[in-house]
Amino acid sequence: MNNMQFDDVLKFREIVSSINKELHYKGLFSIEYMLSNNDPYDVMEFLSGHSDYYNVIISDTFECGASFYEIFENYCSSVINYYKSLMIKNSDEKLYYDKTKEPSTIVYPVSDVNMVKEDIGKTLSLMREAINTYYDAYHNRILVAELTTKDPSVSDYFDFEIKERELLHLLGVSAKQLRNNPDFIRLTGNKYMSSIDILEWIMKDINGNNDIKQFNEDFLKRIAANSYMIAEIQHSPNIQTKLLNYHKVRLKSQAFLKYGPLSEVSIVAKLNKPLTKYSKSDTVSISQAKGFNRYPWTYIGEVNNGNTSYVETLLIDDAQGKANTLAGATPAIIKGIYSTSADGSGSPRQIVFNEEEQFNLFVDAFNAFNGIMNFTNLINYFKNVSMGGNSVNKSPNRGK
């Protein structure tokens, strides 16, 4: 791609944007979202079966002499390498995990940042991709999960929605802490910003524009934008406090990008006590934490109390770390997700996890949580279900 002419670059950007718009119209995920958890050739195979525009343009030749397929192949590799460059090193997992335990009401001095500008930049880039994932996959969508019961012919159902105002907290930013931070107040000129206002203030810097909902924004342009005002401000001699808990933001952004009820098969359980000390979560969704070794499970806590329903917290941990919270809980597996736009617009999305995916998660969860949770219903379910039934093949559109 280094030999591409300027006109070729513009044409390529326009094509990728057009393919993403087609995918969105069909209720499918963007190329970049799929690449966050997939092999490039799985994504390309998926596009060949689901994008008319991709199939029409694939053999076109650019001025540089390369075909669209060749350039797109390089593009996919560059996107995946970009994602990899942002991920936390396995050797640093405990450092980041420990930082998530910092109280969210205390304003910390700038000396507590403990992160160089380059890593702050990577943190903000990862946060940006997590936010774009939210607008691509979850924004303004009602999700209904079909759950296993001990009888394979009968299902239970569980619905949820990740609201825009919840996103800031899920990604590790405390609005209350920032509202009490004199440096943040001086920078923004506003002491009473809402969670969405704070999210927009951060994204104006790291996206370079005001349209944070534009999930089709050119990915190449985003990759090039590697200089951030927040990173510069944080190390300015005029700043006395830590603006964000960058370790927590980076860890939670990675977990959010790699996890998703729309993309990963999960188990769901009602809790006998809240997921964390300061939460009210009475329901938890648990999936394998992609990219983390020391803390292999991602937990998303939801509150479902009568007419009140909201997603409250996102964290990673091992099984023993949540043993007391999960004690006695009876898990079910999400067999599939159906999502519709909350305002009635847009195309519905439906994902069915095949029996092999369900069983593999059951085995891993049983090995990790046996003796903590009650697996009787799931054991009976898999005794009764036929593993040779109507399975749906794994699809990159799920982020697999």
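Taken together, the values in this text are just the output of simple stated rules run on the coordinates, not laboratory data. Since we're looking at a predicted model, the values are computed, not measured. Note that we place each Cβ from the backbone using ideal geometry, even for glycine, and neighbour counts take in every protein chain shown.
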>> Can you give the Rg/Rh ratio of segment 1-80, where Rg is from the C-alpha atoms and Rh is the Kirkwood radius?
In response: 0.94
> Hey, what does the equivalent ellipsoid look like for segment 260-306, semi-axes from the Cα gyration tensor as sqrt of 5 times each eigenvalue, largest first, whole Å?
Replying inline: 21, 13, 8
>> Taking θ = phi - 60°, what integer Hz values does the Karplus form 6.51 cos²θ - 1.76 cosθ + 1.60 yield along segment 149-159, in sequence order, with x for Gly and Pro?
In response: 10, 5, 9, x, 7, 10, 10, 10, 9, 8, 10
> Under a point spin-label approximation (7 Å from Cα along Cα-to-Cβ), what is the ASN384-ASP343 distance to one decimal in nm?
Replying inline: 4.3
>> Can you tell me the mean projection area, over all orientations, of the convex hull of segment 16-135's alpha carbons? Units nm², please.
In response: 10.3
>> Counting only pairs 8 or more residues apart or on different chains, how many lysine pairs in segment 1-136 have their Cα atoms under 20 Å apart?
In response: 11
>> Test of understanding: in a Gaussian network model of the chain with alpha carbons linked when under 10 Å, which of VAL56, VAL284, VAL249 would top the mean-square fluctuation ranking?
In response: VAL56
>> Taking just the alpha-carbon atoms of the chain, what radius of gyration and Dmax come out, in angstrom?
In response: 21.7, 66
>> If I model a spin label as a point 7 Å beyond the Cα along the Cα-Cβ vector, how far apart are those points for SER111 and ASP98 in nm?
In response: 1.8
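Extension gain SER194-ILE142, at 0.36 nm per residue separation less the Cα-Cα distance, in nm? Intermediate results must be reported in sequence, preceding the final value.
Numbers: separation 52, 0.36 × 52 = 18.72 nm, distance 2.29 nm.
Length gained between SER194 and ILE142: 16.4 nm.
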> Computed over the Cα atoms, what is the radius of gyration of segment 292-382 divided by 2.2 N^0.38 Å, N being its residue count?
Replying inline: 1.27
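Could you work out Rg/(2.2 N^0.38 Å) for segment 251-339, with Rg from alpha carbons only?
Details: Rg = 12.4 Å, N = 89, 2.2 N^0.38 = 12.1 Å.
It is 1.02.
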